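A.B. asks: This is the structure, below, for whatever I ask next.
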Amino acid sequence: MSDAWLIAGLGNPGNKYAYTWHNCGFLALDMLAERNNVRVDRTQFHALFGKGKIGGHDVFLMKPQTFMNNSGQAIGPFAAYYKIDPSHIIIVYDDIDINVGTIRVRSKGSAGTHNGMKSVIQHLGTQEFPRVRIGTGPVPETTDLISYVLADIPKDLRQKMYDSFEDGCKACEDIVNGKTDQ
C-alpha cells in the first residue's frame with residue numbers, strides 16, 4: 001500500500017451546480033487545493049485531480065466528474081490504481097442532517113441518506129475511512145430534498161459556508177497529519 005492520501009470532495013460537475021448546497025465538497029476541496037498550492041487540473045478515472053503535499057505527506061486532491069450519486073465510480077478505481085488504503089481516503093461532502101455552518105469529522109461510519117456516500121462505500125467495499133461532513137441543513141419543511149440540495153447557496157449564508165469550508169480544510173489537514181481525534 002502507498003503512504004499517499006486521497007482527499008475527495010463530492011459534488012456535481014458543471015457550472016449549473018457550481019455553488020449549490022450539494023457542491024460543498026467541491027467548494028471545500030477547491031479551498032484546500034488553494035491553501036496547499038495543489039493544481040487540480042489532471043483527469044483520470046472520471047475525475048479531476050492534482051497531486052501535492054500537506055504537512056510533508058503526499059496527497060491526491062480529487063473532484064469526481066461522475067455526478068454525485070456515482071462518486072464511487074471515480075474514487076474506487078483511483079484508490080485501487082494508486083494503492084491507497086481506505087484509512088488514507090478522506091471524503092468531504094454536504095450533509096443535510098448537520099446545521100449550516102458546522103462540520104463533523106468521523107473516522108468511519110455509514111452513508112446515512114447520502115447517495116454519493118453510498119456509492120463510495122459500495123466501490124471501496126468498506127465504511128472504514130474518514131470523512132468531513134459539511135452542514136447544509138436543515139431542509140425547510142416546504143422544500144423537497146432534491147430541490148434544496150440543487151439550489152444555490154443563498155447570498156446571506158455564503159460567508160457562514162466559507163467559514164465552514166475553512167474548518168473542513170483544517171480538519172482534512174489535521175487528519176493527514178495524524179490528528180483525527182482533534
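A.B. asks: Any residue in the range 45-63 that is within 23 Å of Glu128 (Cβ to Cβ), out of contact with any Gly (no Cβ under 9 Å at 6 or more places or on another chain) and of a type in the set (Val, Ile, Thr)?
C.D. replies: Yes - at least one qualifying residue is present in the range 45-63.
A.B. asks: Can you name every residue in the range 99-156 that is part of a helix (DSSP H, G or I), more than 17 Å from the chain's Cα centre (by Cα) and not hydrophobic (A, V, I, L, M, F, W, C)?
C.D. replies: Step one: of the range 99-156, the residues part of a helix (DSSP H, G or I) are 115-124, 145-149, 155-156.
Of the ones still in play, those that are also more than 17 Å from the chain's Cα centre (by Cα) are 145-148, 155-156.
Residues satisfying the conditions are Ser147, Tyr148, Lys155, Asp156.
A.B. asks: Considering only the range 35-52, how many residues are surrounded by 17 or more Cβ atoms within 10 Å (Cβ to Cβ) and either over 15 Å from Gly25 (Cβ atoms) or in contact with a helix residue (DSSP H, G or I) (Cβ under 9 Å, 6 or more places away or on another chain) (or both)?
C.D. replies: First, pick out the residues of the range 35-52 that are surrounded by 17 or more Cβ atoms within 10 Å (Cβ to Cβ): 36, 38, 40, 45-50.
Next, only the ones that are either over 15 Å from Gly25 (Cβ atoms) or in contact with a helix residue (DSSP H, G or I) (Cβ under 9 Å, 6 or more places away or on another chain) (or both) stay: 36, 38, 40, 45-47, 49-50.
Final tally of qualifying residues: 8.
A.B. asks: Give just the number: which of (1) in contact with a Phe, Trp or Tyr (Cβ under 7 Å, 6 or more places away or on another chain); (2) outside any strand (DSSP E or B) does Met62 not satisfy?
C.D. replies: (2)
A.B. asks: Moving on to the next point. I want to confirm something. Restricting to the range 1-44 and keeping residues that are part of a strand (DSSP E or B) and within 16 Å of the chain's Cα centre (by Cα), which single residue is farthest from Arg131 (Cα to Cα)?
C.D. replies: Keep residues of the range 1-44 that are part of a strand (DSSP E or B), which gives 2, 5-9, 20, 42-44.
Restricting the remaining residues to those that are within 16 Å of the chain's Cα centre (by Cα) gives 5-9, 20.
Numbers: Trp5: 13, Leu6: 11, Ile7: 9, Ala8: 9, Gly9: 10, Thr20: 20 Å.
The extreme case among them is Thr20.
A.B. asks: Just name the residue that is farthest from Leu32 (Cα to Cα) out of those in the range 132-182 that are in contact (Cβ under 8 Å) with a residue 12 or more places away in the chain and polar (S, T, N, Q).
C.D. replies: Ranking the candidates gives Thr136 first.
A.B. asks: Take the residues in the range 53-91 that are of a type in the set (Phe, Trp, Tyr) and touching a residue at least 60 places away in the same chain (Cβ under 8 Å); name whichever of them is surrounded by the fewest Cβ atoms within 10 Å (Cβ to Cβ). If you could, list the steps in order and put the result at the bottom.
C.D. replies: Taking the range 53-91 as the starting set, the residues that turn out to be of a type in the set (Phe, Trp, Tyr) are 60, 67, 78, 81-82.
Those left that are additionally touching a residue at least 60 places away in the same chain (Cβ under 8 Å): 78, 82.
On the way: Phe78: 22, Tyr82: 18.
In this case the residue turns out to be Tyr82.
Only the coordinates and a few stated rules stand behind these numbers; no lab work does. As the structure is a computational prediction, the values presented were derived from the model and not from experiment. We place every Cβ from the backbone using ideal geometry, glycine too, and count neighbours over all the protein chains shown.
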